[in-house]
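Written out below as structure tokens is the structure these notes cover.
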Amino acid sequence: MRVLIVEDERRLSNIIKKGFIEDGFAVDQAFDGEEGQYLAESEQYDLIVLDIMLPKLDGLQVCKELRKKSIKTPVLMLTAKSTTEDKVAGLDSGADDYITKPFSFIEFRSRIHALIRRSHQETSPVLLIDGLELDPLKHTVSRDTKALTLTPKEFAVLELMMRHKGEVVSRTMIIEHVWDYNFDGMSNVVDVFVGTLRKKIDLHAKKKLIQTVHGVGYKIG
Ligand code: CA
């Protein structure tokens, strides 16, 4: 999963970023509304955390612009005030949810995961394919009830593939959703990650779940 944080308070932005990275997300930051809008339009995000009070362009305007351009990335709005008007304005601008500052990271995290679930039309918090189980909130993976240890990036690659069960996930798509803006590696990095994932997931299992679609990418399930 890849997220964009649009927040001019650097300290708060960095705290949120740290939490996301610990969860295996790729994170980009923007510190004003214009930069946020530019990144949201040019990159592929799974979620945008958008503050309302921002220099250059406020969060409500950014959100309205994105929706006008049919960019449907889920938006969690950060509001400083908990007035009803603020909340209504946020939701009216096209945001999917809002959270009032100051907030606890625990609440923030559960809101984030709920939004991502909703955007993928998932009802269960746990992803399950043929005995392979991934829990994004608990950050656990198991195959046939045996717990597996994955690195944050391996976890992110697997989560992306499982959310697109039965579909081909291209190398480009994996890079766009798992690595951040500063990534300048080659796409064979993806093959290395999928290679180690395969060893961990499929090596001792009867049914091999990760399939290679030659020239395109990978498929699971
Ligand atoms: Ca602000």
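The values are calculated or read from the model by the stated rules, or taken from the named source; none is laboratory data. Quick caveat, the model's predicted, so the values are computed rather than measured. Neighbour counts run over all protein chains shown; Cβ positions are idealised from the backbone, glycine included. We work out accessible area using only protein heavy atoms, side chains counted, and drop any ligands, DNA or RNA first. Shrake-Rupley method; radii C 1.70, N 1.55, O 1.52, S 1.80 Å.
Descriptive notes on the structure:
- Calculated FRET value between LYS69 and LEU137, using beta carbons and R₀ = 45 Å, to 0.05: 0.90
- What segment 74-208 shows is 54 Å² of accessible area per residue, with the surface traced by a 1.4 Å probe over protein heavy atoms.
- Here the peptides 74-80, 106-112 are ranked by packing, the mean other Cβ count within 10 Å, and the order with the highest first is 74-80, 106-112.
- Label point distance in nm, LYS165-VAL88, each placed 7 Å from Cα along Cα→Cβ: 4.1
- With R₀ set to 22 Å, the beta-carbon distance separating LYS56 from LEU12 gives a calculated FRET efficiency near 0.75.
- Built amide H within the under 5 Å cut-off of GLU43, gap 5+: none
- Whole-angstrom gap from segment 58-78 to segment 91-144, using each part's C-alpha centre: 20
- Inter-label distance, THR151 to ASP130: 2.6 nm, where each label sits 7 Å from its Cα along the C-beta direction.
- Computed magnitude of the charge dipole of the chain (debye, nearest 20; Cβ of K, R +1, Cβ of D, E -1): 940
- In the chain, the longest principal axis of the Cα atoms and the axis of helix 10-22 are about 20 degrees apart.
- Fraction of accessible area attributable to carbon and sulfur, segment 1-150 (%, probe 1.4 Å): 51
- The angle between the Cα long axis of helix 188-202 and the main principal axis of the chain comes to about 60°, on a 0 to 90 degree scale.
- Nearest-ten-degree value, helix 59-68 long axis tilted from longest Cα axis of the chain: 60
- Calculated [θ] (222 nm, deg cm²/dmol) that DSSP helices of n ≥ 4 give over the chain, each run adding -39,500 (n - 2.57): -13000 deg cm²/dmol
- Normalised by the number of residues in the chain, the average gap of Cα pairs under 8 Å and 6 or more apart makes the relative contact order 17 percent.
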